[in-house]
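Engineer: The structure is given below, and queries will be raised subsequently.
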Amino acid sequence: MERREFIALLASAAVLSPRAARAQQSAVPVIGLLDQRSPGELADRLRGFRQGLRDSGFVEGQNVAIDYRWAENKLDRLPDLAADLVRRQVAVIAATSGTGAALAAKSATTTIPVVFVVGDDPVKLGLVANLARPDGNLTGIDFFGGELTTKRLELLRELVPGASRVAVLVSPADATYAETTINEVETATRSMGLQIQVLKASTIPEINAAFATFASARPDALFVGHDPFFNSRRTQLVQLAARYAVPASYTARDFVEAGGLMSYGANIADAWRQAGAYAGSVLKGAKPADLPVVQSIKFELVINKQTATMLSLTVPPSLLAIADEVIE
């Protein structure tokens with residue numbers, strides 16, 4: 001009796017083992033993508049991330065899966081979403097929306113590799129110990145969101161030469177970005193002889209309220225600080241700038257494509273491509289501690305000439321000559 005049962009067990013194993021082997025072969029690594037925004041706002045950047053993965057030999061749906069976690073602009077959800085990805089035991093976490101997502105991922109795990117995309121100094125943020133050797137489970141891309149403040153102000157002043165009072169919009173929800181922007185603006189405007197008015201907004205009504213102040217204290221120009229929330233509200237910001245007829249400078253081309261006046265900053269879609277490539281390197285066995293933080297070298301000036309005309313501004317030939325794109 002026992003001999004017959006043993007033979008039956010062997011036969012059952014012989015039937016099941018090919019199926020188990022096929023299941024094992026079909027398993028693919030999973031990347032957890034963590035972002036504070038929603039996917040509808042990030043089509044170009046997601047294409048960049050997937051391109052970086054393809055450059056590393058990975059194609060979503062074929063040999064890699066991506067498990068998306070969107071906070072829908074609710075920053076307090078990021079820690080829980082990061083913890084959920086850790087429970088899911090993803091192979092790598094891509095924290096793509098700046099400080100909040102990166103810090104949430106860092107707090108959630110010390111073992112799962114994390115690839116971040118941030119716009120401020122990762123060492124200052126406490127994400128890595130050193131840019132060249134991160135010395136931990138995090139590495140990623142720094143696209144210099146704050147460090148470009150002076151250059152952005154100079155370009156804005158060139159386009160609006162008569163400007164003397166500049167409103168600066170920051171989001172207090174991300175205190176690090178807000179503090180960096182204010183400090184950089186204050187330093188730059190002192191040397192340029194500009195007066196600034198700091199406005200803070202981290203919700204849709206607060207953005208409306210900030211612009212409403214322009215009716216009485218009208219600035220000559222508006223400087224919108226870097227923040228993922230502002231990127232998600234770019235249509236609102238651009239429409240309000242048009243309503244109050246205030247020339248505005250933004251951090252990324254998305255705003256200008258939506259009708260904004262001008263932007264200067266890193267090509268964020270390319271930063272996401274670099275993050276995708278790094279995620280692919282990790283999947284191949286590279287350790288974040290051995291992958292130096294990549295600093296963006298691809299910057300772009302984009303000008304919307306139609307918006308300039310609407311604001312009765314003439315784009316000087318000097319700006320047209322250096323612009324990477326002029327939207328007619």
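Each value in this text was obtained by applying a stated rule to the coordinates, not by laboratory testing. Not measured: the values here are computed from a predicted model. Virtual Cβ from ideal backbone geometry, glycine too; neighbours counted across all protein chains shown.
Engineer: What is the dipole size for the range 198-328, taken about its Cα centre, with +1 at each Lys and Arg Cβ and -1 at each Asp and Glu Cβ, in debye to the nearest 20?
Structural biologist: Details: 11 positive and 11 negative charges, 48 e Å.
With only Lys, Arg, Asp and Glu charged at Cβ, the dipole is about 240 debye.
Engineer: Next question. Magnitude of the Cβ-charge dipole of the range 105-169, K/R +1 and D/E -1, about the Cα centre, nearest 20 debye? Walk me through the numbers before you get to the answer.
Structural biologist: Details: 7 positive and 7 negative charges, 28 e Å.
Rounded to the nearest 20 debye, it is 140 debye.
Engineer: Out of residues 5 or more away from Val315 or on other chains, whose amide H comes under 5 Å of its own, with H placed 1.01 Å from N in the peptide plane?
Structural biologist: none
Engineer: Output wanted: per-residue J couplings in Hz (rounded whole) for the range 285-295, from phi through Karplus 6.51 cos²θ - 1.76 cosθ + 1.60, θ = phi - 60°, x for Gly and Pro.
Structural biologist: Each residue's phi maps through the Karplus curve to give x, 5, 9, x, 4, 9, 9, x, 4, 8, 9 Hz.
Engineer: Given R₀ = 30 Å, what would the calculated FRET efficiency be for Thr110 paired with Val59, taking r from the Cβ atoms and rounding to 0.05? Don't jump to the answer; show the numbers that get you there.
Structural biologist: On the way: r = 30 Å, r/R0 = 0.99.
Efficiency, rounded to the nearest 0.05: 0.50.
Engineer: Tally the DSSP beta bridges in the range 212-316 and give the antiparallel ones as a percent, rounded to 5. Present the calculation step by step, with values, prior to reporting the outcome.
Structural biologist: Working: 5 of 9 bridges.
Roughly 55 percent of the DSSP beta bridges within the range 212-316 come out antiparallel.
Engineer: If you don't mind, another one. Taking neighbour counts of Cβ atoms within 10 Å as a proxy for exposure, in what order, fewest first, do Glu41, Glu206 appear? Before the final figure, lay out the partial values.
Structural biologist: On the way: Glu41 19, Glu206 16.
So the ranking, lowest neighbour count to highest, is Glu206, Glu41.
Engineer: Sequence neighbours fewer than 8 away in the same chain don't count; with that in mind, list the lysines whose C-alpha is under 24 Å from Lys284.
Structural biologist: List returned: Lys106.
Engineer: Another question, if that's okay. Taking the Cα centre of the chain as origin, work out the dipole magnitude from +1 charges on Lys and Arg Cβ and -1 charges on Asp and Glu Cβ, in debye rounded to 20.
Structural biologist: Values: 33 positive and 34 negative charges, 138 e Å.
That gives a dipole near 660 debye.
Engineer: Could you tell me what fraction of 2.2 N^0.38 Å the Cα radius of gyration of the chain comes to, as a two-decimal ratio? Please report the intermediate quantities before stating the final value.
Structural biologist: Numbers: Rg = 23.8 Å, N = 328, 2.2 N^0.38 = 19.9 Å.
Against the empirical 2.2 N^0.38 Å value, I get 1.20 for the chain.
Engineer: Could you point to the residue in Gly136, Leu199, Ala104 farthest towards the positive end of the range 93-221's charge dipole, with +1 and -1 charges on the Cβ of Lys/Arg and Asp/Glu respectively?
Structural biologist: Going by the charge dipole, the pick is Leu199.
Engineer: Still on this structure, I have one more. Give me a comma-separated list of calculated 3J(HN,Hα) values for the range 126-141, in order, Karplus coefficients 6.51, -1.76, 1.60 applied at θ = phi - 60°, integers in Hz, x for any Gly or Pro.
Structural biologist: x, 7, 9, 7, 7, 5, 6, 9, x, 6, x, 9, 10, 7, x, 10
Engineer: Between Glu186 and Ala83, how many nm apart are label points set 7 Å from Cα along the C-beta direction?
Structural biologist: 3.6 nm
Engineer: Angle check, please: helix 234-243 long axis (alpha carbons) against the longest principal axis of the chain (alpha carbons), in degrees 0 to 90, nearest 10.
Structural biologist: 10 degrees
Engineer: For Ala175, what charge total do you get from the other residues with a beta carbon under 12 Å from its beta carbon, if Lys and Arg give +1 and Asp and Glu give -1? Intermediate results must be reported in sequence, preceding the final value.
Structural biologist: Values: positive: Lys200; negative: Asp120, Asp174, Glu179, Asp227.
Residues near Ala175 contribute -3 overall.
Engineer: Still on this structure: Output ³J(HN,Hα) for the range 203-218: one whole-Hz value per residue in order, computed from phi by the Karplus curve 6.51 cos²θ - 1.76 cosθ + 1.60 with θ = phi - 60°, and x for Gly and Pro.
Structural biologist: 9, 4, x, 5, 5, 4, 5, 4, 5, 4, 5, 5, 5, 9, 9, 7
Engineer: Then there's this: Which residues' amide hydrogens lie under 5 Å from the amide hydrogen of Tyr68, considering only partners 5 or more residues apart or on another chain, with H built in the peptide plane?
Structural biologist: For Tyr68, the qualifying residues are Leu33.
Engineer: Moving to a separate point now. Counting only DSSP beta bridges with both residues in the chain, what percent are antiparallel, rounded to the nearest 5?
Structural biologist: Values: 5 of 43 bridges.
The antiparallel fraction comes to roughly 10 percent.
Engineer: Lys and Arg at +1, Asp and Glu at -1: add these up for the other residues within a Cβ distance under 13 Å of Val117 and post the number. Before the final figure, lay out the partial values.
Structural biologist: Numbers: positive: Arg37, Arg45, Arg273; negative: Asp35, Asp120, Asp142, Asp270.
Every neighbour counted, the sum reads -1.
Engineer: Turning to a different aspect of this structure: Would you kindly state how much longer the chain becomes between Asp290 and Tyr68 on full extension, computed as 0.36 nm times their sequence separation minus their alpha carbon distance, in nm to one decimal? Could the numbers behind the result be given before it?
Structural biologist: Working: separation 222, 0.36 × 222 = 79.92 nm, distance 2.60 nm.
Result: 77.3 nm gained on full extension.
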